[in-house]
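Encoded as structure tokens, the structure appears first; notes follow it.
The values are calculated or read from the model by the stated rules, or taken from the named source; none is laboratory data. Worth saying up front: this structure is predicted, and the values here are computed from it rather than measured. Note: ideal-geometry Cβ built from the backbone for every residue, glycine included; neighbour counts use all protein chains shown. Side chains are part of the model used for accessible areas, which takes the heavy atoms of the whole protein and leaves out ligands, DNA and RNA. Shrake-Rupley method; radii C 1.70, N 1.55, O 1.52, S 1.80 Å.
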Amino acid sequence: MPKKIYAVMGATGHIGQVVVEKLLEKGHAVRALGRDEKKLAVLKAKGADTVKSAFDDAKALTETFRGTDGVFIMTPPSYDADSLSEAQDKTGEAIVKALADSGVKYAVNLSSVGAEQPSGTGPIAGLYRQEQRLAKLTGLNLVNLRPTSFMENNFFSIPVIKGQGLNGAAAPANYPLPTIATKDIGAKIAQLLDSLSFTGHQVFDLTGPKEYSMTEVTKALGATIGKPDLKYTQFPLEDMKKGMLQSGMKSGTVDLMIEMYAAGNAGKIHPTQNLTAAHRGSTTIEEFAKTFAAVYSQS
């Protein structure tokens with residue numbers, strides 16, 4: 001018999017897949033909730049029970065959560081929605097209702113650094129609103145996990161590197177920034193769920209082994225893709241905005257993203273806790289660069 005039963009939202013994503021696999025390795029039963037049928041099939045082959053459902057379907061979430069020992073919840077950014085903020089709130093409200101109706105006692109919520117701020121942080125403000133909704137639930141032991149920027153965000157730079165021969169983004173070139181590999185986030189979530197040793201409502205900041213400037217990141221990435229002289233350029237926010245609009249992103253979503261970049265550049269989005277070893281993942285940017293190179297070669 002399985003040790004415990006867990007439900008995992010976003011099971012086919014970078015983070016959720018790691019959570020599912022690590023919990024299965026521990027001998028637990030896992031209900032993997034996602035929307036990609038092919039990726040769900042892979043998890044099913046590994047032993048997970050799979051559920052294909054929209055994340056804003058409170059009834060489906062309730063049935064998936066009911067009878068579990070703990071759940072991993074997340075409010076994914078719906079970049080293709082007419083209103084990203086409204087989509088975040090709709091999903092968030094469905095999750096809270098499902099937690100209440102299913103009687104779940106333990107949950108780990110994927111939030112973000114900066115989620116202590118009610119506004120001025122773009123999409124992160126939606127995670128603030130979700131933390132506030134979750135705070136109203138009684139009888140739930142909860143960890144609001146607040147990771148820093150994902151190393152995987154560097155995948156968005158691949159078209160720029162291939163098209164312009166440089167790496168570019170909104171962040172300053174030489175300012176050390178906190179970043180973490182998503183596999184380390186998944187591992188921490190699985191650890192928290194496996195132990196179920198947390199009580200009450202808690203916040204936990206999570207980042208990588210050290211902070212890296214974009215110049216350092218670019219050097220590591222360039223070394224693995226055969227471009228040791230790859231340079232980094234900070235793009236003006238106005239240019240970032242034009243590029244996102246040209247890609248077809250909704251104007252409201254673009255405005256939120258620019259707001260987030262501006263807040264980050266102003267130093268407003270950062271961990272607020274004392275970062276001990278427990279708050280840091282192990283994946284270095286040099287190790288992540290190998291993953292980046294594999295994706296780069298296939299793009």
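With respect to Val71, determine if the residue is part of a loop (DSSP other than H, G, I, E, B), touching a strand residue (DSSP E or B) at 6+ places or on another chain (Cβ under 8 Å) and either surrounded by fewer than 23 Cβ atoms within 10 Å (Cβ to Cβ) or touching a residue at least 40 places away in the same chain (Cβ under 8 Å) (or both).
no
Suppose we filter Lys188, Lys136, Lys183 for residues that are over 18 Å from the mean Cα position of the chain (by Cα) and open to solvent by 10 Å² or more (accessible area, probe 1.4 Å); which single one remains?
Lys136
What are the pairs with Cβ atoms under 8 angstrom where one residue, in the stretch 24-48, is closer than 22 Å to Ala98 by Cα and assigned to a helix (DSSP H, G or I) and the other, located anywhere, is open to solvent by 100 Å² or more (accessible area, probe 1.4 Å) and at pLDDT below 95? Sequence gap at least six, or different chains.
Here the result reads Leu40/Lys52, each pair linking the stretch 24-48 to a residue that is open to solvent by 100 Å² or more (accessible area, probe 1.4 Å) and at pLDDT below 95.
From Leu40, Leu24, Leu61, grab the single residue that is under 19 Å from the mean Cα position of the chain (by Cα) and among the aliphatic types (A, V, I, L, M).
Details: Leu24 fails: under 19 Å from the mean Cα position of the chain (by Cα); Leu61 fails: under 19 Å from the mean Cα position of the chain (by Cα).
One residue alone meets the criteria, Leu40.
Test Asp89 against the criterion of being open to solvent by 20 Å² or more (accessible area, probe 1.4 Å), more than 19 Å from Gly139 (Cβ to Cβ), acidic (Asp, Glu) and part of a loop (DSSP other than H, G, I, E, B), and give yes or no.
For Asp89, the condition - open to solvent by 20 Å² or more (accessible area, probe 1.4 Å), more than 19 Å from Gly139 (Cβ to Cβ), acidic (Asp, Glu) and part of a loop (DSSP other than H, G, I, E, B) - is not met.
Kindly provide the set of residues from the stretch 117-147 that are at pLDDT 95 or above and assigned to a loop (DSSP other than H, G, I, E, B), ordered by number. Even if it seems obvious, please write down each step before you answer.
At the first step, the residues of the stretch 117-147 found to be at pLDDT 95 or above are 117-137, 140-147.
Within the stretch 117-147, Gln117, Pro118, Ser119, Gly120, Thr121, Gly122, Pro123, Lys136, Leu137, Leu140 meet the criteria.
Find the residue count for the stretch 1-21, including only residues that are closer than 13 Å to Leu193 by Cα, open to solvent by less than 40 Å² (accessible area, probe 1.4 Å) and either more than 16 Å from the chain's Cα centre (by Cα) or β-branched (Val, Ile, Thr) (or both).
Result for the stretch 1-21: 6.
For residues that are in contact with a Ser or Thr (Cβ under 9 Å, 6 or more places away or on another chain) and open to solvent by less than 50 Å² (accessible area, probe 1.4 Å), scanning just the stretch 31-49, find the one that is farthest from Asp69 (Cα to Cα).
The residue in question is Leu40.
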